[in-house]
Amino acid sequence: MNEKKLIYLDNAATTKVKPEVVEAMLPYFTEYYGNPSSVYEFSEESRKGITHAREVIANALGAKTNEIYFTGCGTESDNWALKATAEAYKEKGNHIITTKIEHHAILHSCEWLEKHGVEVTYLDVDENGRISLEELEQAIRPETILISIMFANNEIGTIEPVKEIGQIARKHGILFHTDAVQAFGHEPINVDEYNIDMLSASGHKINAPKGVGFLYIRTGVKIRSFIHGGAQERKRRGGTENVAQIVGMGRAVELAMESLEQRKAKETELRDYLMEKVMSTVPYTRINGDRKNRLANNINFAFQFIEGESLLIMLDMAGICGSSGSACTSGSLDPSHVLLAIGLPHEIAHGSLRLTLSEENTKEEMDYVAETIKNVVERLRSMSPLYEDFMKKNSCVR
Amino acid sequence: MYTEKVMDHFEHPRNVGEIENPSGMGTVGNAKCGDIMRIYLDIDENQIIRDVKFKTFGCGAAVATSSMATELVKGKSVQEAMAVTNKAVCEALDGLPPVKVHCSLLAEEAIHAALWDYAQKSGIQIEGLKKPKADIGEEEMEEEY
């Protein structure tokens, strides 16, 4: 059998671990395996590895090293930020403002908090997925303790007006948390410039391994532990440090920050090339998400009359990895909450396709992908009763 | 996640298409949930299903169950077609993931809806056949860019 073609276009789901990252990690498994909390000199290398990673990440954000707290993943960081803020600031108030298009790590944490006496406002977004700053300001109450709005959306790639949100939060003396899992390492972020008080990020979206993330907590934000245990992470996050993975994430951030601008430029070019190619060859197609304020590597199509899972399977047969917001892929009867929030009708949301590129993709691959999409969509439409009805209706009208 | 049979029927669906002036046609499911199946039947004077075609909007399992259901009823009598249950479709496909079993139910309903249409048109009664549940709403297909 021939080696199967693989065009990986699901980098928002996870990324390949870079060889340089693996190389940086390896000594921490078999050589420097000492527990960073131990007193003997042997553990010094483990401590140094973590310290270096912390410095790299703090630099990347314009933060101080003692404001970076390592966690197990982006989801943990989100849970911690929300739940610990609600707990720590309950004397001040019990109201949180977020959006309807957050990742489930935020939305389900909010739902849990609502069961425990916290009130949550879920802001609407416009047809491109951006919040309205006026609505944000109007939602603020005296008892509002936290605004949590994602930096960039994982499905449609829309980048929120984070700087303006930060200004509003600061003006009203409210903490601002942002889930930057999709944006960190992909967009330049400075926590002071944006008035960000807490920021969640994950290693595996930027070529580090799965199972490591961090939460930035601005000095003065008084949230306590979420994972109780030992005195690790300045007593704020118990559990022996995941040394090798933390080192790996540090190396990945180093590489990501070095290449950020050129990577963005390359991904933007490939993204726009593929988007235009598909839009010009496949009728009844739309692009979801903001065209301008958008992650460089994110494409999100909606193809009318077809269903996303079928599309994914057919693309997979052609060696292309993508994802969809259809109900079948979400494990429920409803399509993605993000696509519904931007106003797509259910049946169109079912036909969505998200492709998220990396710098390793090529123009040749984009040509092949565009051609394959065209053929697969045509084939599925030829089987679709919705398309049949649409064509019959249209031919009658004419 | 799918069996080889499911993948085979998804990749090479049998009996896709339309029949002009069908003896019976049925459409079930709705676009909101992401599954619509339409079955066309061509039935001769001896109540034998001479030909059957389908069109489906839906996931891999929805396409495969439609395809398998058409294979199971083709050449059969109307009464035999009534015996093609969702379970029979499932088994013929060597099983479906639990979350996809409703797709096979839809295939059974689509066959029944087409048979009901046939029975109405030709003024006959088919034993055990009940009026199909609500058809898909036309208005849901009006969306346009």
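The values are calculated or read from the model by the stated rules, or taken from the named source; none is laboratory data. Owing to the predicted nature of the structure, the values given are computational and were not obtained by experimental measurement. Ideal geometry is used to build each Cβ from the backbone, glycine not excepted, and the neighbour counts take in all protein chains shown. Note: accessible area is taken over every heavy atom of the protein model, side chains too, but ligands, DNA and RNA are not part of it. Shrake-Rupley method; radii C 1.70, N 1.55, O 1.52, S 1.80 Å.
Residues checked against (1) within 8 Å of chain A (Cβ to nearest Cβ); (2) in contact with a helix residue (DSSP H, G or I) (Cβ under 7 Å, 6 or more places away or on another chain); (3) surrounded by fewer than 17 Cβ atoms within 10 Å (Cβ to Cβ):
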residue: B:Pro13; (1), (2), (3): yes, yes, no
residue: B:Gly24; (1), (2), (3): no, yes, no
residue: B:Arg50; (1), (2), (3): no, no, yes
residue: B:Gly60; (1), (2), (3): yes, yes, no
residue: B:Ala64; (1), (2), (3): no, yes, no
residue: B:Leu72; (1), (2), (3): no, yes, no
residue: B:Val78; (1), (2), (3): no, yes, no
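Can you confirm whether region A:346-353 contains a residue that is out of contact with any Ser or Thr (no Cβ under 9 Å at 6 or more places or on another chain), at pLDDT below 95, within 14 Å of chain B (Cβ to nearest Cβ) and open to solvent by 10 Å² or more (accessible area, probe 1.4 Å)? First the steps, then the outcome.
So the first thing to find is which residues in region A:346-353 are out of contact with any Ser or Thr (no Cβ under 9 Å at 6 or more places or on another chain), and the list is A:346-348.
Right, trim to at pLDDT below 95 and you get A:346-348.
Add one more test, that the residue is within 14 Å of chain B (Cβ to nearest Cβ), and what stays is A:346-348.
Now narrow it down to the ones that are open to solvent by 10 Å² or more (accessible area, probe 1.4 Å): A:346-347.
Yes: one or more hits.
Counting just the residues of region A:290-311 that are away from every other protein chain (no Cβ under 14 Å) and either modelled with pLDDT under 95 or under 26 Å from A:Arg379 (Cβ atoms) (or both), which one comes out surrounded by the most Cβ atoms within 10 Å (Cβ to Cβ)?
Here is the first cut: in region A:290-311, the ones away from every other protein chain (no Cβ under 14 Å) are A:290-300.
Then drop every residue that is not either modelled with pLDDT under 95 or under 26 Å from A:Arg379 (Cβ atoms) (or both), which leaves A:298-300.
Details: A:Asn298: 27, A:Ile299: 26, A:Asn300: 29.
Filtering region A:290-311 for residues that are away from every other protein chain (no Cβ under 14 Å) and either modelled with pLDDT under 95 or under 26 Å from A:Arg379 (Cβ atoms) (or both), the one surrounded by the most Cβ atoms within 10 Å (Cβ to Cβ) comes out as A:Asn300.
Listed here are the residues, each with its yes/no results for (1) under 25 Å from A:Ala349 (Cα atoms); (2) β-branched (Val, Ile, Thr); (3) at pLDDT 90 or above.
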position: B:Ala64; (1), (2), (3): yes, no, yes
position: B:Glu91; (1), (2), (3): no, no, yes
position: B:Leu105; (1), (2), (3): yes, no, no
position: B:Leu115; (1), (2), (3): no, no, yes
position: B:Ala119; (1), (2), (3): no, no, yes
position: B:Pro132; (1), (2), (3): no, no, no
position: B:Glu139; (1), (2), (3): yes, no, no
Problem - Members of region A:182-191 found to be outside any strand (DSSP E or B) and open to solvent by 20 Å² or more (accessible area, probe 1.4 Å), listed by number - result: A:Gln182, A:His186, A:Pro188, A:Asn190
Problem - Positions within region B:29-43 being more than 7 Å from chain A (Cβ to nearest Cβ), over 12 Å from B:Val63 (Cα atoms), modelled with pLDDT under 95 and open to solvent by less than 30 Å² (accessible area, probe 1.4 Å), in sequence order - result: B:Gly29
Exercise for the section: Could you figure out which of (1) over 21 Å from the mean Cα position of the chain (by Cα); (2) open to solvent by 10 Å² or more (accessible area, probe 1.4 Å); (3) not hydrophobic (A, V, I, L, M, F, W, C) isn't true of A:Ser324? Expected result: (1)
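Just to confirm my filter: which helices (runs of 4 or more DSSP H) fall fully inside region A:8-112 and include at least 3 residues that are under 27 Å from the mean Cα position of the chain (by Cα), crowded, with 21+ Cβ neighbours inside 10 Å and among the hydrophobic types (A, V, I, L, M, F, W, C)?
On the way: elements: A:19-25, A:27-30, A:44-61, A:74-88.
Qualifying helices (runs of 4 or more DSSP H): A:19-25, A:44-61, A:74-88.
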Practice task
Of the numbered conditions (1) within 14 Å of another protein chain (Cβ to nearest Cβ); (2) over 21 Å from the mean Cα position of the chain (by Cα); (3) open to solvent by 10 Å² or more (accessible area, probe 1.4 Å), A:Glu276 fails exactly one; give the number of that condition.
Solution key: (1)
Exercise for the section: State whether one or more residues within region B:95-103 are surrounded by 20 or more Cβ atoms within 10 Å (Cβ to Cβ) and at pLDDT 90 or above. Expected result: yes
Handout entry: Residues located in region A:129-142, provided they are buried (at least 17 other Cβ atoms within 10 Å of the Cβ), in contact with a Leu (Cβ under 9 Å, 6 or more places away or on another chain) and not in a helix (DSSP H, G or I)
Key = A:Ile131
Practice task
Would you confirm whether any residue within region B:40-51 is in contact with a Gly (Cβ under 6 Å, 6 or more places away or on another chain) and in contact (Cβ under 8 Å) with a residue 60 or more places away in the chain?
Solution key: yes
Practice task
Would you confirm whether any residue within region B:36-49 is closer than 23 Å to A:Ala349 by Cβ and over 10 Å from the mean Cα position of the chain (by Cα)?
Solution key: no
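Filter region A:362-394 down to the residues that are more than 14 Å from chain B (Cβ to nearest Cβ) and either surrounded by fewer than 22 Cβ atoms within 10 Å (Cβ to Cβ) or over 29 Å from A:Asp272 (Cα atoms) (or both) and list them by number.
Listed by number, the residues that qualify are A:Thr362, A:Lys363, A:Glu364, A:Glu365, A:Asp367, A:Tyr368, A:Ala370, A:Glu371, A:Thr372, A:Lys374.
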Handout entry: Any chance B:Ser104 is assigned to a helix (DSSP H, G or I), away from chain A (no Cβ under 14 Å) and of a type in the set (Gly, Ala, Ser)
Key = yes
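Could you tell me which of the residues A:Ile168, A:Ile145 is at pLDDT 95 or above, touching a helix residue (DSSP H, G or I) at 6+ places or on another chain (Cβ under 7 Å), surrounded by fewer than 23 Cβ atoms within 10 Å (Cβ to Cβ) and not in a strand (DSSP E or B)?
Values: A:Ile145 fails: not in a strand (DSSP E or B).
Every option except A:Ile168 fails the conditions.
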